[in-house]
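The values are calculated or read from the model by the stated rules, or taken from the named source; none is laboratory data. Please read these numbers as outputs of a predicted model, since none were measured by experiment. When we count neighbours, we look across all protein chains shown, and the Cβ atoms used for this are built from the backbone with ideal geometry, even at glycine. Accessible surface is based on the protein model in full, side chains and every heavy atom, while ligands, DNA and RNA are left aside. Shrake-Rupley method; radii C 1.70, N 1.55, O 1.52, S 1.80 Å.
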Amino acid sequence: MTFSNYKVERIAFGLILCIALLMAFGPLVRLHAPNGPRVSDAFDLRAGITQLQDELRILSAIKSSPDSGAAVRPGTATHGPLAMPFSLRMASIVPWCVFAALTFSSLALLDLLFFQKGVALLSLAGGFLGAIALLHVMLLGSDVQSWTEKLMSIAELSPQADSALGAWILMANSFLISPGFGLYVLTTCLFLVPLLSYSRAVPRLNAVLRHDPRVPVSQTIHIRPINSQCPEETCTSLDVSRSGLYLETSSNHYYVGMEVYFTRKDPAGGPASHEEHGYVVRVEKPENGKRRIAIRLISEA
């Protein structure tokens, strides 16, 4: 898909990608440990995840200690460590996915500024990586809560005088992890760019908001699609305005968002006007079997 040359759309994509990149400084993951809550951005996310893993490994080892003084109930097994959830052991995936999503955001922004070839695809790839990080953090939060609840159940096996173990149990219950606002915004922005690109929502919205009056004028219009696989043709306008024109054609290769170059020919036989740039904002199918298309003029200013 050829990237749009529509200026307003490019500006919108640039702003969205800049917001996504700024989320590197925002709250990506919220961690709560015995020493208090902390918010991790892209620069301390890996350290925060590693610290959380280390602290929970300590609790796991204490749980399995044979010297804890736990009173064993009949039919209850207490031997062996309480295995950490797989999602917690693989928690390092989160910072790698976040860094990769931010990298794709940067590449998409550079492509938007200089090449305009794969902005939507780069943003889509970053969005998937952000979604993986988001889902993994949500799974982490659920697994950590379930795991610490199992640790809390040890209190039922312990004598009430074992205050040290009770302190460790309260510590285990204080661990929480959840996605931060920045991770939601990063993922949403990266998915928003390809969505707007492929749906052409910005040009359509701009066409709906136009206020230029139409004037019924029959002009000969020569249309040259940007896509070289679509043939050129000459057709007649039904009405025109300062921002575009509305015409009838027998061709069926036009679609909303399609970019074209068109030339207006003087009905009095004079020279043709200069070539103008526009895009299709509406395609209608009247009962006569032909197509009626509305073309919005793209200002090159």
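Does segment 191-206 contain any residue that is modelled with pLDDT under 90, among the aliphatic types (A, V, I, L, M) and over 32 Å from the mean Cα position of the chain (by Cα)? Scanning segment 191-206, I find no residue that is modelled with pLDDT under 90, among the aliphatic types (A, V, I, L, M) and over 32 Å from the mean Cα position of the chain (by Cα), so the answer is no.
Scanning segment 102-139 for residues that are within 13 Å of Pro194 (Cβ to Cβ) and open to solvent by 50 Å² or more (accessible area, probe 1.4 Å) yields Phe104, Leu121, Leu124, Phe128.
For segment 124-146, give me each residue that is under 11 Å from Leu186 (Cβ atoms) and out of contact with any strand residue (DSSP E or B) (no Cβ under 9 Å at 6 or more places or on another chain).
Let us first name the residues in segment 124-146 that are under 11 Å from Leu186 (Cβ atoms), namely 126-127, 129-131, 133-134.
Once the filter is applied, which keeps residues that are under 11 Å from Leu186 (Cβ atoms) and out of contact with any strand residue (DSSP E or B) (no Cβ under 9 Å at 6 or more places or on another chain), segment 124-146 yields Gly126, Gly127, Leu129, Gly130, Ala131.
Within the set Thr220, Thr187, Thr249, the sole residue that is modelled with pLDDT of 85 or more, over 30 Å from Cys97 (Cα atoms) and either out of contact with any Asp or Glu (no Cβ under 8 Å at 6 or more places or on another chain) or among the basic types (Lys, Arg) (or both) turns out to be Thr220. Take Glu284 and decide whether it is acidic (Asp, Glu), within 33 Å of the chain's Cα centre (by Cα) and either open to solvent by 50 Å² or more (accessible area, probe 1.4 Å) or at pLDDT 90 or above (or both). Taking the combined requirement at face value, the residue satisfies it.
The set of residues from segment 249-268 being assigned to a strand (DSSP E or B) and among the acidic types (Asp, Glu) comprises just one member, Glu259.
Just give me the residues in segment 215-248 being part of a loop (DSSP other than H, G, I, E, B) and either of a type in the set (A, V, I, L, M) or open to solvent by less than 20 Å² (accessible area, probe 1.4 Å) (or both), in sequence order. Full working, then the answer.
In the first step, residues of segment 215-248 are kept if they are part of a loop (DSSP other than H, G, I, E, B); the result is 216-219, 226-232, 242-243.
Within segment 215-248, Val217, Ile226, Ser243 meet the criteria.
Conditions (1) open to solvent by less than 40 Å² (accessible area, probe 1.4 Å); (2) at pLDDT below 90; (3) more than 17 Å from the chain's Cα centre (by Cα), marked per residue:
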{"site": "Ile19", "(1), (2), (3)": "no, no, no"}
{"site": "Met23", "(1), (2), (3)": "yes, no, no"}
{"site": "His32", "(1), (2), (3)": "no, yes, yes"}
{"site": "Val39", "(1), (2), (3)": "no, yes, yes"}
{"site": "Gly48", "(1), (2), (3)": "yes, yes, yes"}
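Look at (1) in a helix (DSSP H, G or I); (2) touching a residue at least 60 places away in the same chain (Cβ under 8 Å); (3) open to solvent by 50 Å² or more (accessible area, probe 1.4 Å) and you find that Phe99 fails only one, number (2).
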